[in-house]
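Peer 1: I have a structure here, written as structure tokens, and I will follow up with some questions on it.
The values are calculated or read from the model by the stated rules, or taken from the named source; none is laboratory data. Predicted model only: the values in this text are computed from it and were never measured. Every residue, glycine as well, gets a Cβ built from its backbone with ideal geometry; the counts of neighbours run over all protein chains shown.
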Amino acid sequence: LERFTMDSDYSACVQQVFVDLFKKKLIYRGRRMVNWCPVSRTALSDEEVIMKEQKGFLYHFRVPVMGEKDRFLTIATTRPETIPGDTAIAVNPKDPRYTSLIGQFAIRPLPPELPEAQRRIPIIGDEHVDLEFGTGVLKVTPAHDPADFLIGQRHQLPSIEVIDESGLMNAEAGSALAGLDRIKARTAAAEQLKELGLLEKEEPYANQVGFSERADVPVEPRLSEQWFLRYPSTEKSRTIVSSGKLRFFPERWSKVYDHWMGNLQDWCISRQLWWGHRIPVWYRNQEVRCQIQSPGEGWTQDPDVLDTWFSSWLWPFATLGWPEKTPELKKFYPTTDLVTGPDIIFFWVARMIMAGFEYQGDLPFRNVYFTGLIRDGKGRKLSKSLGNSPDPLDLISKYGADGLRFGLLRIAPQGVDIRYDEKQMEEGRNFANKLWNACRFRQQQGPSNPQANPLNHPRTPFSDFLLSRLDRLEQELETLYQGYEFSQVAQVLYAFVWDEFCARFIETAKADFMNADSPTRPGTLATADFVLSRVLRLLHPYMPFITEELWLTLGLGDKTIQFSEWPKAGEVTFNVANTQTAESCYGTAEAGRRLRGEFGLSGSAKMKFLLKSSPSSRITDDDLRTLAKLLQVGSVEITSNPPKAPMTLTPWGELYLPLAGLLDPAKETARLQKEIAATEMARAREAAKLADPKMTAKAPPEKQEEWRKIEKEAVERIARLHEQLKLFTT
RNA sequence: GGACGCUUAGCUUAGUGGUAGAGCGCCUGCUUCACACGCAGGAGGUCACUGGUUCAAUCCCAGUAGCGUCCACCA
């Protein structure tokens with residue numbers, strides 16, 4: 001394989017930054033443990049299969065202590081093949097069994113052919129040693145174990161490599177092991193110990209071994225030389241977030257960010273991979289140069305590539321142009337918002353901020369919006385290897401692009417994970433269908449007028465009511481957008497279209513259309529056009545395709561909806577008194593439907609309701625006709641002598657459902673008693689609060705007033721229900 | 001091991017210091033002339049548990065349990 005050379009502006013930018021940081025002495029060469037995959041093949045050896053099944057052994061072997069005849073330490077290890085690489089024996093300094101030995105020396109048993117003087121290793125005390133594990137004595141192999149490497153650093157131990165890059169034992173491992181595969185060497189080393197009479201026992205032991213995801217062979221921790229970066233501009237990057245100048249949504253992620261920024265470790269930026277941006281460092285004998293172009297004949301480039309995030313953190317520069325200040329960079333840097341997942345706050349977001357300050361002297365974005373992660377039904381992250389990601393194209397063919405989009409947006413709260421459920425997409429599709437049909441209904445009434453202004457026409461209270469709800473919707477949306485609450489935006493739009501526009505407005509508009517000569521008909525049409533025009537625009541970011549189609553089909557604009565103006569909150573005006581009339585009518589209709597539903601009846605032209613209205617309410621014949629339409633009955637008539645019939649309390653008064661012959665007194669009594677009981681419970685709750693002297697002493701007077709009002713209303717309601725009950729019990 | 005979250009109706013989930021909301025599912029009734037991908041009703045919740053603060057806690061605080069994420073001798 002030849003190294004792939006990335007010859008692009010992006011790569012140039014990345015390498016240039018490396019060179020710059022190198023000059024600033026922020027990049028340095030250091031040692032660290034890497035998980036090395038020494039073999040590229042897929043078939044496992046017998047020994048490796050055993051490892052994978054976690055059926056390894058724990059080998060207990062003895063090490064003689066120097067200067068003390070017949071004194072041995074017993075060590076338990078899963079990796080006897082690394083004994084030739086041991087440079088110390090460690091015990092816990094708090095372990096009374098061994099404290100006296102700290103500072104003395106032991107003789108490493110392997111390789112046996114070396115003179116004892118070269119196998120002399122110190123016995124050290126280190127907190128890392130687990131008193132409970134094995135014998136409480138640890139062999140320290142700094143070159144082949146991450147934890148041992150750190151112990152080695154703490155105690156300035158030398159490291160001896162005994163396994164080479166291809167996974168074979170080298171000469172340091174001794175003549176008996178040299179050239180063997182590292183895993184075959186394990187049993188060979190155990191055999192050697194046995195021959196030396198130092199092996200005490202082998203016990204089955206299930207130890208965790210990391211396997212390479214791609215090659216499926218055991219990975220080998222290996223000491224290696226790597227490039228490291230000391231992060232630049234850390235202080236500014238930390239305070240910009242903690243001071244609230246750069247905002248995170250939801251805010252709590254800024255705590256996570258701050259915690260990490262306060263504990264930064266140098267970043268290991270080199271990777272031993274075939275693909276990536278190459279490290280711009282050149283070698284010739286002992287000379288080292290950091291520059292993008294080859295210095296000339298005889299120079300070879302560093303074989304490593306950069307960590308993938310080393311290019312990602314420069315994304316704003318690489319895409320907009322750097323180091324020359326391009327017009328794009330001037331215009332778009334800093335940008336307003338970054339949208340990303342919280343799982344890459346450290347990998348990407350934090351590093352982009354630091355790069356921003358270092359190379360632009362300014363933050364790269366002002367707000368970061370963290371989405372939730374979608375998980376499957378079992379709560380797992382969607383991933384390619386698990387194969388639990390649904391195919392978006394399949395979902396689109398089932399639910400439509402807008403249905404999928406809306407369904408997901410509606411359930412995606414800020415920064416909280418969501419469980420993926422196809423039901424949500426179904427709801428999105430149903431909503432798109434609903435919207436489509438609502439517009440189709442409007443289209444059937446005749447052509448739309450894009451300049452429609454409902455205020456220019458006489459209109460029903462229901463038009464004003466819808467306008468008032470539209471006004472409220474737009475105010476609410478503005479607040480929600482400011483708080484980046486995108487799922488709530490979808491939710492309130494959904495509720496508006498379905499409940500206000502379809503369920504309430506269209507149902508009453510139908511009543512208006514029954515009468516072609518209705519003076520309020522033009523007002524109703526204008527209201528529909530006005531509201532649809534705004535709602536389609538409000539929905540457009542969430543459902544781009546269907547809103548575009550409806551926009552053009554209805555003729556609300558002659559160009560794409562994308563070029564239309566965003567509806568500004570506060571522009572909608574309406575008659576407030578009318579909205580109250582409409583609200584009462586809806587409330588009365590809903591109560592009547594409930595009453596009818598109690599008897600398992602559906603509406604019919606033969607059915608009628610009687611209304612004993614309260615003296616204050618002025619109800620017109622038109623209102624009664626609309627009410628009848630909403631109730632799906634023949635008529636609603638005003639009465640002053642209510643019959644012995646089921647009754648419900650409504651905003652407009654007592655609504656009766658005369659049911660000659662159908663009425664079952666027992667059933668009606670039960671219904672009334674149930675309602676009385678429920679009302680009584682609500683009343684008692686308020687009364688209890690008001691009766692408590694501690695509450696009345698401390699609770700705010702407005703609250704108490706509210707409670708008193710609720711109680712009073714409940715009392716009245718109960719009284720009227722009792723009156724009604726008397727009709728059936730006497 | 002450390003940090004940060006989550007736990008509300010059968011399911012997926014909003015939300016608030018003083019009456020707990022939605023969609024789906026379920027039950028009942030509707031082939032009502034935009035829509036059965038629909039319409040009208042209904043049942044279903046001690047808001048994980050234990051303490052504390054408060055006149056009042058599902059909400060604030062502390063602890064417990066379960067679940068999750070990120071970072072891991074750095075935490």
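Peer 1: Can you report the number of residues in region A:694-712 which are surrounded by 14 or more Cβ atoms within 10 Å (Cβ to Cβ) and near RNA strand B (Cβ under 9 Å from one of its atoms)?
Peer 2: Of the residues in that region, 5 qualify.
Peer 1: Among the candidates A:Arg440, A:Arg410, which residue alone is assigned to a helix (DSSP H, G or I), more than 15 Å from A:Leu539 (Cβ to Cβ) and basic (Lys, Arg)?
Peer 2: Result: A:Arg440 is the single residue among A:Arg440, A:Arg410 that is assigned to a helix (DSSP H, G or I), more than 15 Å from A:Leu539 (Cβ to Cβ) and basic (Lys, Arg).
A quick yes/no check of all residues on (1) more than 30 Å from the chain's Cα centre (by Cα); (2) modelled with pLDDT under 80; (3) among the charged types (D, E, K, R); (4) within 15 Å of RNA strand B (Cβ to nearest atom):
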| position | (1), (2), (3), (4) |
| --- | --- |
| A:Leu199 | yes, no, no, no |
| A:Leu223 | yes, no, no, yes |
| A:Ile240 | no, no, no, no |
| A:Gly244 | no, no, no, no |
| A:Lys255 | no, no, yes, yes |
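Peer 1: Could you grab me the full set of residues in region A:125-143 that are more than 13 Å from A:Pro221 (Cβ to Cβ), in contact with a helix residue (DSSP H, G or I) (Cβ under 7 Å, 6 or more places away or on another chain) and either surrounded by fewer than 16 Cβ atoms within 10 Å (Cβ to Cβ) or among the hydroxyl-bearing types (Ser, Thr, Tyr) (or both)?
Peer 2: A:His128
Peer 1: Against the condition modelled with pLDDT of 90 or more and closer than 29 Å to A:Glu220 by Cβ, how does A:Trp267 come out, does it pass? Write out each step before concluding.
Peer 2: On the way: modelled with pLDDT of 90 or more: yes; closer than 29 Å to A:Glu220 by Cβ: yes.
Criteria met by A:Trp267.
Peer 1: From the set of residues in region A:144-199 that are free of Cβ contacts under 8 Å to residues at least 24 places away in the same chain and closer than 24 Å to A:Asp126 by Cβ, which is surrounded by the most Cβ atoms within 10 Å (Cβ to Cβ)?
Peer 2: Per the stated criteria, the residue is A:Asp148.
Peer 1: Looking at the structure I just gave you, is A:Ser166 modelled with pLDDT under 85, more than 15 Å from RNA strand B (Cβ to nearest atom), under 22 Å from A:Glu220 (Cα atoms) and not charged (D, E, K, R)? Full working, then the answer.
Peer 2: On the way: modelled with pLDDT under 85: yes; more than 15 Å from RNA strand B (Cβ to nearest atom): yes; under 22 Å from A:Glu220 (Cα atoms): yes; not charged (D, E, K, R): yes.
Yes: the conditions hold for A:Ser166.
Peer 1: Out of the residues in region A:453-484 meeting the condition of being among the hydrophobic types (A, V, I, L, M, F, W, C) and closer than 20 Å to A:Glu565 by Cα, tell me which one is farthest from the chain's Cα centre (by Cα).
Peer 2: Filtering region A:453-484 for residues that are among the hydrophobic types (A, V, I, L, M, F, W, C) and closer than 20 Å to A:Glu565 by Cα, the one farthest from the chain's Cα centre (by Cα) comes out as A:Leu467.
Peer 1: Examine region A:655-674 for a residue that is assigned to a strand (DSSP E or B), aliphatic (A, V, I, L, M) and in contact with a helix residue (DSSP H, G or I) (Cβ under 9 Å, 6 or more places away or on another chain), and state whether such a residue exists.
Peer 2: At the first step, the residues of region A:655-674 found to be assigned to a strand (DSSP E or B) are A:655-656.
Within this subset, residues satisfying the condition of being aliphatic (A, V, I, L, M) are A:655.
If we keep only those that are in contact with a helix residue (DSSP H, G or I) (Cβ under 9 Å, 6 or more places away or on another chain) too, we end up with A:655.
Yes, the conditions are met somewhere in region A:655-674.
Peer 1: For region A:647-693, what are the residues that are away from RNA strand B (no atom under 11 Å from the Cβ), within 23 Å of A:Gly634 (Cβ to Cβ) and among the β-branched types (Val, Ile, Thr)?
Peer 2: If the condition is that a residue be away from RNA strand B (no atom under 11 Å from the Cβ), within 23 Å of A:Gly634 (Cβ to Cβ) and among the β-branched types (Val, Ile, Thr), then A:Thr650 is the only one that fits.
Peer 1: Go through (1) more than 47 Å from the chain's Cα centre (by Cα); (2) in contact (Cβ under 8 Å) with a residue 12 or more places away in the chain one by one and return the number of the condition A:Ile710 breaks.
Peer 2: A:Ile710 satisfies every listed condition except (1).
Peer 1: In addition: Give region A:258-288 a look and list any residue that's assigned to a loop (DSSP other than H, G, I, E, B) and exposed (fewer than 13 other Cβ atoms within 10 Å of the Cβ), or say none. Write out each step before concluding.
Peer 2: Within region A:258-288, the subset assigned to a loop (DSSP other than H, G, I, E, B) is A:262-266, A:269, A:272-277, A:279-280, A:285-286.
Across region A:258-288, the qualifying residues are A:Gly262, A:Asn263, A:Gln265, A:Leu273, A:Trp274, A:Trp275, A:Asn285, A:Gln286.
Peer 1: Continuing with this model, one more query. Which one is modelled with the highest pLDDT among residues in region A:450-463 that are part of a loop (DSSP other than H, G, I, E, B) and surrounded by 16 or more Cβ atoms within 10 Å (Cβ to Cβ)? Break it down into steps so the answer makes sense when it comes.
Peer 2: Residues of region A:450-463 part of a loop (DSSP other than H, G, I, E, B): A:450-453, A:457-460.
Remaining after also requiring surrounded by 16 or more Cβ atoms within 10 Å (Cβ to Cβ): A:452, A:457, A:459-460.
Values: A:Ala452: 91, A:His457: 94, A:Arg459: 91, A:Thr460: 89.
This residue is A:His457.
Peer 1: Moving on to the next point. Within region A:325-335, identify whether any single residue is under 16 Å from A:Gly361 (Cα atoms) and in a strand (DSSP E or B), and answer yes or no.
Peer 2: First pass over region A:325-335, keeping only residues under 16 Å from A:Gly361 (Cα atoms): A:325-326, A:329-335.
From the residues that got through so far, the ones that are in a strand (DSSP E or B) too are A:335.
Within region A:325-335 (the criterion being under 16 Å from A:Gly361 (Cα atoms) and in a strand (DSSP E or B)), the answer is yes, since at least one residue qualifies.
Peer 1: Would you confirm, using the coordinates I've provided, whether A:Glu590 is in contact with a strand residue (DSSP E or B) (Cβ under 6 Å, 6 or more places away or on another chain) and either over 25 Å from A:Lys726 (Cβ atoms) or more than 16 Å from RNA strand B (Cβ to nearest atom) (or both)?
Peer 2: On the way: in contact with a strand residue (DSSP E or B) (Cβ under 6 Å, 6 or more places away or on another chain): no; either over 25 Å from A:Lys726 (Cβ atoms) or more than 16 Å from RNA strand B (Cβ to nearest atom) (or both): yes.
Judged against the criteria, A:Glu590 is not a match.
Peer 1: If you don't mind, there's one more thing I want to ask. Can you tell me which of A:Lys674, A:Lys612, A:Lys667 is surrounded by fewer than 21 Cβ atoms within 10 Å (Cβ to Cβ) and either under 22 Å from A:Cys585 (Cα atoms) or at pLDDT 85 or above (or both)? Steps first, answer last, please.
Peer 2: On the way: A:Lys674 fails: either under 22 Å from A:Cys585 (Cα atoms) or at pLDDT 85 or above (or both); A:Lys667 fails: either under 22 Å from A:Cys585 (Cα atoms) or at pLDDT 85 or above (or both).
Testing whether each residue is surrounded by fewer than 21 Cβ atoms within 10 Å (Cβ to Cβ) and either under 22 Å from A:Cys585 (Cα atoms) or at pLDDT 85 or above (or both) leaves just A:Lys612.
Peer 1: Still on this structure, I have one more. Do we have any residue at all in region A:581-593 that's surrounded by 11 or more Cβ atoms within 10 Å (Cβ to Cβ) and either of a type in the set (Lys, Arg) or at positive phi (or both)?
Peer 2: So the first thing to find is which residues in region A:581-593 are surrounded by 11 or more Cβ atoms within 10 Å (Cβ to Cβ), and the list is A:581-593.
If we keep only those that are either of a type in the set (Lys, Arg) or at positive phi (or both) as well, we get A:593.
There is at least one residue in region A:581-593 that is surrounded by 11 or more Cβ atoms within 10 Å (Cβ to Cβ) and either of a type in the set (Lys, Arg) or at positive phi (or both).
Peer 1: A further question follows. Could you please let me know if A:Gly276 is more than 15 Å from RNA strand B (Cβ to nearest atom) and free of Cβ contacts under 8 Å to residues at least 24 places away in the same chain? Outline the logic, then answer.
Peer 2: Values: more than 15 Å from RNA strand B (Cβ to nearest atom): yes; free of Cβ contacts under 8 Å to residues at least 24 places away in the same chain: no.
So A:Gly276 does not fit the description; no.
Peer 1: Is it the case, given these coordinates, that A:Leu727 is assigned to a helix (DSSP H, G or I), in contact (Cβ under 8 Å) with a residue 12 or more places away in the chain and in contact with a Leu (Cβ under 6 Å, 6 or more places away or on another chain)? Give the steps one after another, and end with the answer.
Peer 2: Numbers: assigned to a helix (DSSP H, G or I): yes; in contact (Cβ under 8 Å) with a residue 12 or more places away in the chain: yes; in contact with a Leu (Cβ under 6 Å, 6 or more places away or on another chain): no.
Considered against the rule, which asks whether it is assigned to a helix (DSSP H, G or I), in contact (Cβ under 8 Å) with a residue 12 or more places away in the chain and in contact with a Leu (Cβ under 6 Å, 6 or more places away or on another chain), A:Leu727 comes out as no.
Peer 1: Quick one: in region A:401-441, which of the residues that are more than 8 Å from RNA strand B (Cβ to nearest atom) and among the basic types (Lys, Arg) is surrounded by the fewest Cβ atoms within 10 Å (Cβ to Cβ)?
Peer 2: That would be A:Arg410.
Peer 1: Specify the residue that is modelled with the lowest pLDDT; the eligible residues are those in region A:494-518 that are under 37 Å from the mean Cα position of the chain (by Cα), over 17 Å from A:Leu536 (Cβ atoms) and surrounded by fewer than 20 Cβ atoms within 10 Å (Cβ to Cβ). Step through it out loud before you land on a result.
Peer 2: Filtering region A:494-518 for residues under 37 Å from the mean Cα position of the chain (by Cα) gives A:494-505.
If we keep only those that are over 17 Å from A:Leu536 (Cβ atoms) as well, we get A:499, A:503-504.
So of that shortlist, the ones also surrounded by fewer than 20 Cβ atoms within 10 Å (Cβ to Cβ) come out as A:499, A:503.
Details: A:Asp499: 92, A:Ala503: 89.
So the residue we want is A:Ala503.
Peer 1: Determine which single condition A:Lys398 fails, assuming it passes every other condition in (1) surrounded by 16 or more Cβ atoms within 10 Å (Cβ to Cβ); (2) within 13 Å of RNA strand B (Cβ to nearest atom); (3) assigned to a helix (DSSP H, G or I).
Peer 2: (1)
Peer 1: Could you check A:Ile344 against (1) β-branched (Val, Ile, Thr); (2) in a helix (DSSP H, G or I); (3) in contact (Cβ under 8 Å) with a residue 24 or more places away in the chain and say which number it fails?
Peer 2: For A:Ile344, the exception is condition (3).
Peer 1: Between A:Thr553, A:Thr524, A:Thr573, A:Thr547, which is in contact (Cβ under 8 Å) with a residue 12 or more places away in the chain, over 21 Å from A:Gln491 (Cα atoms) and buried (at least 23 other Cβ atoms within 10 Å of the Cβ)?
Peer 2: On the way: A:Thr553 fails: buried (at least 23 other Cβ atoms within 10 Å of the Cβ); A:Thr573 fails: buried (at least 23 other Cβ atoms within 10 Å of the Cβ); A:Thr547 fails: over 21 Å from A:Gln491 (Cα atoms).
One residue alone meets the criteria, A:Thr524.
Peer 1: Where residues in region A:480-493 are part of a helix (DSSP H, G or I) and more than 9 Å from RNA strand B (Cβ to nearest atom), which of them is surrounded by the fewest Cβ atoms within 10 Å (Cβ to Cβ)?
Peer 2: Start the filter on region A:480-493 by keeping residues that are part of a helix (DSSP H, G or I), which leaves A:480-482, A:486-493.
Within this subset, residues satisfying the condition of being more than 9 Å from RNA strand B (Cβ to nearest atom) are A:480-482, A:486, A:489-490, A:492-493.
Working: A:Leu480: 18, A:Tyr481: 14, A:Gln482: 8, A:Phe486: 21, A:Val489: 22, A:Ala490: 25, A:Val492: 17, A:Leu493: 24.
Among them, the one singled out is A:Gln482.
Peer 1: Further question on the same structure: When you go through (1) of a type in the set (Val, Ile, Thr); (2) crowded, with 21+ Cβ neighbours inside 10 Å; (3) touching a residue at least 60 places away in the same chain (Cβ under 8 Å) one by one for A:Thr78, which number turns out not to apply?
Peer 2: (2)
Peer 1: Right, next: Specify the residue that is farthest from the chain's Cα centre (by Cα); the eligible residues are those in region A:289-324 that are assigned to a loop (DSSP other than H, G, I, E, B) and of a type in the set (S, T, N, Q).
Peer 2: Pass one, region A:289-324, residues assigned to a loop (DSSP other than H, G, I, E, B): A:291-299, A:302-304, A:307, A:313-314, A:321-324.
Add one more test, that the residue is of a type in the set (S, T, N, Q), and what stays is A:291, A:293-294.
Working: A:Gln291: 41, A:Gln293: 43, A:Ser294: 45 Å.
Checked region A:289-324; the qualifying residue farthest from the chain's Cα centre (by Cα) is A:Ser294.
Peer 1: Are any of the residues in region A:445-460 farther than 20 Å from A:Leu624 by Cβ and within 10 Å of RNA strand B (Cβ to nearest atom)? Can you show your working first?
Peer 2: Let us first name the residues in region A:445-460 that are farther than 20 Å from A:Leu624 by Cβ, namely A:445-457.
Narrowing further to those that are within 10 Å of RNA strand B (Cβ to nearest atom): A:445.
So far as region A:445-460 goes, yes, one or more of its residues are farther than 20 Å from A:Leu624 by Cβ and within 10 Å of RNA strand B (Cβ to nearest atom).
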